[in-house]
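The values are calculated or read from the model by the stated rules, or taken from the named source; none is laboratory data. Please read all numbers here as calculations on a predicted model, not as lab measurements. Every residue, glycine as well, gets a Cβ built from its backbone with ideal geometry; the counts of neighbours run over all protein chains shown.
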Number of protein chains: 2
Amino acid sequence: MFMMNDILENKQIARIAGKFHKAPHRMNDIHETDAEIVDLGTTSEKYLAITTDALVEEISSGLYEDPSLIGWMLAMANFSDLAAVGADPLGLLIAVTCAPSHDDTFLDQLSSGISDACDRLGTFVLGGDTNQGQSLMLCGTAVGTVPKSRVMRRVGASPNDKLYLTAPAGLGNVYAFLRLARKDNGLPQGLYKPVARISEGKMIRQFASCCMDTSDGVIHTIDTLMRLNHRRFILDACWEKTVHPFALKVCRAQGFPAWLVLAAIHGEFELCFTVEPRKEEEFLRAAERTGWTPILIGEVNEGEGVFIRSGDKAVRVDSAAIRNLADEAGSDPAAYIKHLLEVAHAVDL
Amino acid sequence: MFMMNDILENKQIARIAGKFHKAPHRMNDIHETDAEIVDLGTTSEKYLAITTDALVEEISSGLYEDPSLIGWMLAMANFSDLAAVGADPLGLLIAVTCAPSHDDTFLDQLSSGISDACDRLGTFVLGGDTNQGQSLMLCGTAVGTVPKSRVMRRVGASPNDKLYLTAPAGLGNVYAFLRLARKDNGLPQGLYKPVARISEGKMIRQFASCCMDTSDGVIHTIDTLMRLNHRRFILDACWEKTVHPFALKVCRAQGFPAWLVLAAIHGEFELCFTVEPRKEEEFLRAAERTGWTPILIGEVNEGEGVFIRSGDKAVRVDSAAIRNLADEAGSDPAAYIKHLLEVAHAVDL
């Protein structure tokens with residue numbers, strides 16, 4: 001049996017959250033949704049969706065340095081959790097702690113990044129809190145509403161459901177690899193500026209049986225869906241379709257298996273979701289009408305575990321080991337990549 | 001003319017928030033409310049009230065060290081902003097960043113403090129985010145609802161309105177003085193565990209013309225109300241009534257003017273509010289029925305400025321100078337107290 005607490009991060013969450021009483025008006029269990037779902041106790045046909053996300057390791061590691069990218073990511077990381085439950089955003093709250101070294105130019109660019117991200121999604125900063133500290137600390141809270149009958153959860157997948165991704169993934173990990181292991185400036189200018197899938201989420205919510213964003217990487221997401229649904233999740237080894245072209249190019253140049261950019265921990269803000277076969281045709285037609293092509297990346301079967309399938313062969317991936325690497329390797333990118341390659345080479349496709 | 005941007009803290013807020021477009025569904029201007037007021041776009045008779053507050057200086061300065069007090073204060077600071085707009089809480093979201101030095105015992109006590117505070121107010125932790133970092137960082141977001149016709153704002157005071165406080169204040173600053181300047185353990189065990197005035201806020205919202213919490217000290221609050229309302233705010237020098245007995249005792253022992261514990265920056269979670277004379281009797285009767293005695297501390301007049309009145313004499317207090325001291329004196333408690341005493345001695349009562 002695959003358990004949520006096989007994952008080290010989840011043990012810490014359980015430690016902190018173990019004492020809290022569940023609110024009768026919170027409509028989700030822990031881990032069950034990307035954002036919390038709250039019944040407002042009114043006659044409204046909508047739930048409140050709310051989520052909080054701080055940027056910590058991403059700043060302290062040097063992964064994000066450009067203040068406008070930092071602001072952009074703070075907003076998008078939070079809105080992506082709203083997208084994954086199918087919510088319409090009401091806006092963002094921000095808590096900004098600056099050090100004396102952060103001058104007006106830095107603050108201007110940071111707030112431009114936040115503002116641009118909100119503009120891009122047609123939403124707003126609602127308010128915030130400012131503090132003085134020793135280093136930059138940023139915390140966001142995104143809030144929105146979702147029709148009660150359309151809330152997407154991480155649970156609900158059935159055998160034979162099709163597994164989809166909003167778009168090819170892997171740019172997040174390639175960005176992290178280039179910046180942290182290669183010490184260059186990351187991707188070509190402007191290539192890495194992910195957009196939370198709010199509009200896709202509002203379409204997907206009409207069809208999906210479960211949904212989660214890929215903010216910690218695609219394999220992480222599939223591993224979580226597998227543990228919560230107690231189903232086998234099968235990822236097809238069609239990397240030309242599933243992996244972003246630039247990420248594929250970097251993998252080839254480095255001699256990495258292509259799926260490694262789906263496995264490492266710095267994801268992007270795609271949505272990974274399942275659709276029942278009977279709804280698939282209508283879903284694809286609806287997507288096509290908006291000019292969007294969802295990516296079919298695999299399917300759900302009876303059983304448990306995460307598998308990669310190539311032709312008739314399906315190989316189990318130790319997705320718990322992959323997920324726990326980030327906690328075990330600490331903040332050493334070279335050690336992290338080395339361990340990740342070891343796990344990857346054990347998958348004999 | 002007294003301007004909000006005479007206050008250094010407000011300049012930083014303006015710098016960061018200047019780029020943001022105002023959401024059409026945000027029902028308050030910046031600085032106008034303790035929590036943001038959001039129209040949910042439904043037929044609901046309630047607005048959403050939401051606020052975010054990080055604990056930064058309070059931890060880095062050593063002001064809060066006991067993890068259960070840290071957790072308690074994180075929750076109460078956020079709920080106090082809900083109390084000040086008259087909201088009923090739905091719950092709290094928390095973003096917790098721990099360092100490797102924070103062991104399980106620390107985390108247990110921290111989460112107990114948060115949980116106890118929510119229990120005390122009959123509310124809940126709704127969700128959160130955990131991260132690993134170099135030091136402890138905590139950010140909270142409190143969310144609630146408030147009847148549309150009952151939202152309390154910081155604006156709305158008229159000449160002759162009576163100025164009230166939910167209870168005698170000053171314990172917050174005495175706690176900070178004893179811990180930071182005296183290096184002892186603060187107040188006698190258990191004396192400093194402030195409770196956000198949620199239940200009082202729900203009564204006050206039926207009567208008040210404006211309201212704000214005292215989380216940065218009473219003088220800070222009155223200064224803000226004065227600037228936003230463009231009225232004169234007069235505080236009566238009846239310190240036996242306005243200042244907490246333990247705080248009075250410490251002031252006497254130290255030779256401080258009693259109102260200094262209302263002027264320094266570490267407040268508590270009382271509500272400071274104004275009531276029109278014609279509503280005062282009904283307000284007091286309603287309070288009495290619940291066994292609560294609001295403290296009459298002064299009144300609102302024509303004009304501007306913050307004044308302290310003793311008998312027939314009213315002396316203006318340079319409340320901008322007092323507020324800016326915290327930014328100017330940095331993190332040196334002795335320098336802060338010295339400057340504060342200089343400002344206080346210029347007030348000749």
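Any chance you could count how many residues in region B:317-349 are in contact with a His (Cβ under 6 Å, 6 or more places away or on another chain) and in a helix (DSSP H, G or I)?
Residues flagged as in contact with a His (Cβ under 6 Å, 6 or more places away or on another chain) and in a helix (DSSP H, G or I) within region B:317-349 amount to 2.
List the number of the failed condition for B:Ser149; all other conditions in (1) assigned to a helix (DSSP H, G or I); (2) within 14 Å of chain A (Cβ to nearest Cβ) hold.
The failed condition is (2).
So, of the residues in region B:159-185 that are surrounded by fewer than 22 Cβ atoms within 10 Å (Cβ to Cβ) and modelled with pLDDT under 95, which turns out to be nearest to B:Leu235 (Cα to Cα)?
Restricting to residues being surrounded by fewer than 22 Cβ atoms within 10 Å (Cβ to Cβ) and modelled with pLDDT under 95, the top hit is B:Leu178.
Take B:Arg227 and tell me if it is charged (D, E, K, R) and over 30 Å from B:Arg285 (Cβ atoms).
Yes.
So, in region B:23-35, how many residues would count as being modelled with pLDDT under 95 and either within 7 Å of another protein chain (Cβ to nearest Cβ) or surrounded by fewer than 15 Cβ atoms within 10 Å (Cβ to Cβ) (or both)?
Going through region B:23-35 one residue at a time, the tally reaches 1.
Just name the residue that is surrounded by the most Cβ atoms within 10 Å (Cβ to Cβ) out of those in region A:112-127 that are at the interface with chain B (Cβ under 7 Å from one of its Cβ atoms) and more than 19 Å from A:Glu58 (Cβ to Cβ).
Selected residue: A:Leu126.
Out of all the residues in region B:5-21, which are surrounded by fewer than 16 Cβ atoms within 10 Å (Cβ to Cβ), more than 7 Å from chain A (Cβ to nearest Cβ) and not polar (S, T, N, Q)?
Of everything in region B:5-21, those that are surrounded by fewer than 16 Cβ atoms within 10 Å (Cβ to Cβ), more than 7 Å from chain A (Cβ to nearest Cβ) and not polar (S, T, N, Q) turn out to be B:Leu8, B:Lys11, B:Ala14, B:Gly18.
Looking at A:Leu296, A:Leu340, A:Leu325, which is the one that is in contact with a Leu (Cβ under 8 Å, 6 or more places away or on another chain), at negative phi, at pLDDT 95 or above and aliphatic (A, V, I, L, M)?
A:Leu296
Pick from A:Phe273, A:Phe269: which is over 20 Å from A:Tyr192 (Cβ atoms) and in the same structural domain as A:Val317 (by TED's automatic domain parsing)?
Residue meeting the stated conditions: A:Phe273.
Within region B:36-73, can you find the residues that are at pLDDT 95 or above, out of contact with any Lys or Arg (no Cβ under 8 Å at 6 or more places or on another chain) and at the interface with another protein chain (Cβ under 8 Å from one of its Cβ atoms)?
Answer for region B:36-73, where residues must be at pLDDT 95 or above, out of contact with any Lys or Arg (no Cβ under 8 Å at 6 or more places or on another chain) and at the interface with another protein chain (Cβ under 8 Å from one of its Cβ atoms): B:Leu48, B:Ile50, B:Thr51, B:Thr52, B:Asp53, B:Ala54.
Can you tell me which of (1) of a type in the set (Asp, Glu); (2) under 20 Å from A:Val85 (Cβ atoms); (3) modelled with pLDDT under 95 is the one A:Asp129 doesn't meet?
Every listed condition holds for A:Asp129 apart from (2).
Of the conditions (1) touching a Cys at 6+ places or on another chain (Cβ under 9 Å); (2) surrounded by 21 or more Cβ atoms within 10 Å (Cβ to Cβ), B:Gly156 clears all except one; give me its number.
(2)
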